[in-house]
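Heads up, the thing below is written out as structure tokens.
The values are calculated or read from the model by the stated rules, or taken from the named source; none is laboratory data. These figures come from a predicted structure and were not determined experimentally. So basically every Cβ, Gly included, is an ideal-geometry build from the backbone, and we count neighbours across all protein chains shown.
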Amino acid sequence: MLRFSLQRVASALLTAFVVVSATFFIVRLVPGDPATAMAPPNARPAQIERVRQYLGLDRPLHEQYGLYLQRVAALDLGTSIRTNQPVLSDLAARVPASIELAAAAFVLEVLVAIPIGILAAVRRGSRLDLLTRLTSSTVVGLPVFWVSLMFIWIFAFLLGLFPLGGRLDLQTDLDNVTGFVLIDSLIAGRPDIMLEGLHHLFLPALALALPSIAFWTRLMRGSLLEVLGEDYVRTARAKGLKWRTVVMRHGVRNAMNPMVTVFGFELVALLTGALLVEIVFAWPGVGNYIFGSLQVRDYPVVQGSVIIVALLYVAVNSIVDIAQARLDPRVLASIQARA
Amino acid sequence: MSSTPDIHDPDTTSAAVAVLTGAGAGAGGRRIRGIGAIIRSSRTIQAGLLIVLTLLGLGLLAPFLTPYSPTQIDLANVLRPPSPAHLVGTDELGRDQLTRLLYGARVSMVMGFVGVLIAASVGAAIGLIAGYFAGIVDDAVMRVMDAILAFPALLLALLVVSVVGPGLVQVLIAFGIAGIPFYARLMRTMVLSLRTREYVAAAEALGASPLRIIFLHILPNAMAPLIITTTLAMGLVIVGLASLGFIGLGAQPPTPEWGAMLSGSQSRFFTAPWLLLSPGLAIVLAVVGYSLVGDGLRDALDPRLRYLRV
């Protein structure tokens, strides 16, 4: 197990290096000139040349690459042209809002998808099952940004049930300690602000969670059905265990294995999805930061954020791999057999 | 879905077997008949094809179906609600919304197809080579594929836009690149298992060149999963391109692209909800069409997956 974990970490570090390098080469090799792209549309050649020098693009490629690696290793992702702050600290200030949104979506997914998936599998062929399958196959392909727009239109504008956007009402004053509204309101001892935060959080979180809820429901249903066909389930039934106990203890527990694999991908899906949801709901997280930077051609920010998200993905993937090998001895055995 | 073809139906079964195994000498005719049989036997595929072909047809025939121009600004008719003259109303520049939706079908359907085609052809080629030649080539190529896999398509598109500036073509290229590893992995796995078959060994013994073996003996046998994946990916790419159009990175105004159209009318809940509803419904329809075809094909072509799913 330890050996496998070390191997996995080593391989992740190698991938991380390739990812960082790939970012560099994609940016340099894609036909087009970053200096021209970043300068205002009517910039004079001399001005573009100044941008080029500022970005270090006038140096030889291998020198640029070396400098770039040094800076990334020192976690220096450059300076935002718009805010004149280091990209990393700008990102750090906005990450809590995005994590709060993604975590809320994740909780909704688990609370909704797993029970429905179990029910659909246990009552296979029932009307509930059919309904679940039909809705999920439509919902899974819905564009997240459009769902967000529709939610605002229907639930916030037409029905007036939810606020139109943002994390809190504009006049609400809350000390920023952790950056998480739900935690900060707790620290400040203001349950009313916490409720207000939840009220703002619900709609964007649901919009973000919807496609995944559909996907997870299908996955949970399929996985549980497969497990329920196993010999040990029949044995458990033959022993005289209650059907409920068999489903929960023998069925669901084993059916969760493939779900763990999806958790890793889910994080990325939530991160990129959050980008779109944040824009529609005026949610002040990483997505909105990147969006704002794109509009003023603040490209160091965009590239820095992309590197961070990609590295996060690599890290999460290896953690999921290790967790899975730890949870399910069969996975570890099959990896060792292959090696 | 409810219309899943019955495995006991001899027509479906033989058709699936024909496609899965029907490569090799003289099987070309049988394979084509096989696909026809599959389409005839699956209502899911028929429904999906109907949607996809209708959208494509509407897009291609757009100039004959509408008297309006998709880009001509008409300030006398700004934000008109739906009426006999403008069935889906007009947008903030007075352009007929239905006309823009029709021309938008052209952009989305064609671009979705092109994006997937780039990913599938390059990815499949890489996977074929990596799988067939194995060893160092395989290791190196798959490591690069893993790295690309760490970039969700949206991030890759952001990266490309940060160099070249926004536009449909660059975003399409980003989506193409992001899709490559999926096909490369799929193909590599197929090749690794097909390589050990007797007929490949026989062809090698007869002195066939690697190219001949790859194209005549391995590729045709690996087509079924490739076709299924490609169809299912089409919907994803359409949504992806629309998302990028929506945040202003993809198609630029005045191009009538569904996502970009939504972006222009984002704040029109109050004045013109039809501008928000219609492009979204068009995207959903396209996605549902492709996923019906993909699901149907998967049910028919890959009996193993079917049992897992039910």
> Only one of (1) in a loop (DSSP other than H, G, I, E, B); (2) more than 10 Å from chain B (Cβ to nearest Cβ) fails for A:R297. Which number is that?
Replying inline: (2)
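Among B:S209, B:S267, which is within 11 Å of chain A (Cβ to nearest Cβ) and over 23 Å from the mean Cα position of the chain (by Cα)?
Numbers: B:S209 fails: within 11 Å of chain A (Cβ to nearest Cβ).
Testing whether each residue is within 11 Å of chain A (Cβ to nearest Cβ) and over 23 Å from the mean Cα position of the chain (by Cα) leaves just B:S267.
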>> Could you go through segment A:16-26 and let me know if any residue there is more than 19 Å from A:L77 (Cα to Cα), part of a helix (DSSP H, G or I), assigned by TED's automatic domain parsing to the domain that holds A:R59 and more than 23 Å from the chain's Cα centre (by Cα).
In response: no
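Does A:R237 meet the test of being farther than 30 Å from A:S5 by Cα, touching a residue at least 40 places away in the same chain (Cβ under 8 Å) and either in a helix (DSSP H, G or I) or within 13 Å of another protein chain (Cβ to nearest Cβ) (or both)? Before you say what the answer is, go through the steps one by one.
Values: farther than 30 Å from A:S5 by Cα: yes; touching a residue at least 40 places away in the same chain (Cβ under 8 Å): no; either in a helix (DSSP H, G or I) or within 13 Å of another protein chain (Cβ to nearest Cβ) (or both): yes.
Taking the combined requirement at face value, the residue does not satisfy it.
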> Do the conditions hold for A:V87, that is, is it in contact with a strand residue (DSSP E or B) (Cβ under 8 Å, 6 or more places away or on another chain) and of a type in the set (A, V, I, L, M)?
Replying inline: yes
>> Residues that are modelled with pLDDT under 85 and touching a strand residue (DSSP E or B) at 6+ places or on another chain (Cβ under 6 Å): list the helices (runs of 4 or more DSSP H) wholly contained in segment B:139-227 that include at least 2 such residues.
In response: none
>> Being touching a helix residue (DSSP H, G or I) at 6+ places or on another chain (Cβ under 8 Å) and outside any loop (DSSP other than H, G, I, E, B) is the requirement here; does A:I183 meet it?
In response: no
> So A:P211 clears everything in (1) buried (at least 18 other Cβ atoms within 10 Å of the Cβ); (2) touching a residue at least 24 places away in the same chain (Cβ under 8 Å); (3) out of contact with any Leu (no Cβ under 9 Å at 6 or more places or on another chain) except one condition, right? Which one?
Replying inline: (3)
> Got at least one residue in segment B:242-264 being surrounded by fewer than 21 Cβ atoms within 10 Å (Cβ to Cβ), touching a residue at least 24 places away in the same chain (Cβ under 8 Å) and hydrophobic (A, V, I, L, M, F, W, C)?
Replying inline: no
>> Looking for something under 23 Å from the mean Cα position of the chain (by Cα), of a type in the set (D, E) and more than 12 Å from chain B (Cβ to nearest Cβ) - is there at least one such residue anywhere in segment A:79-102?
In response: yes
>> Just to check your reading of the model, which residue among A:T138, A:T178 is away from every other protein chain (no Cβ under 14 Å), hydroxyl-bearing (S, T, Y) and under 26 Å from the mean Cα position of the chain (by Cα)?
In response: A:T178
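Can you pull out the residues in segment A:156-189 that are charged (D, E, K, R) and surrounded by fewer than 17 Cβ atoms within 10 Å (Cβ to Cβ)?
A:D169, A:D173, A:D175
This table checks each residue for (1) in contact with a strand residue (DSSP E or B) (Cβ under 7 Å, 6 or more places away or on another chain); (2) surrounded by fewer than 22 Cβ atoms within 10 Å (Cβ to Cβ); (3) free of Cβ contacts under 8 Å to residues at least 40 places away in the same chain; (4) under 30 Å from A:R123 (Cα atoms).
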{"position": "A:R253", "(1), (2), (3), (4)": "no, yes, yes, yes"}
{"position": "A:G273", "(1), (2), (3), (4)": "no, no, no, no"}
{"position": "A:V277", "(1), (2), (3), (4)": "no, no, no, no"}
{"position": "A:F281", "(1), (2), (3), (4)": "no, no, no, no"}
{"position": "A:L294", "(1), (2), (3), (4)": "no, yes, yes, no"}
{"position": "A:R297", "(1), (2), (3), (4)": "no, yes, no, no"}
> Quick one: is B:G59 surrounded by 18 or more Cβ atoms within 10 Å (Cβ to Cβ), small (G, A, S) and at pLDDT 85 or above?
Replying inline: yes
> Which is in a helix (DSSP H, G or I), more than 12 Å from chain B (Cβ to nearest Cβ) and under 22 Å from the mean Cα position of the chain (by Cα), of A:R3, A:R8?
Replying inline: A:R8
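Out of all the residues in segment A:103-115, is one or more within 14 Å of chain B (Cβ to nearest Cβ) and touching a residue at least 24 places away in the same chain (Cβ under 8 Å)? Show your work before the answer.
Pass one, segment A:103-115, residues within 14 Å of chain B (Cβ to nearest Cβ): none.
The answer is no; no qualifying residue exists.
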> Would segment B:256-267 turn up any residue that is outside any helix (DSSP H, G or I) and at pLDDT 90 or above?
Replying inline: yes
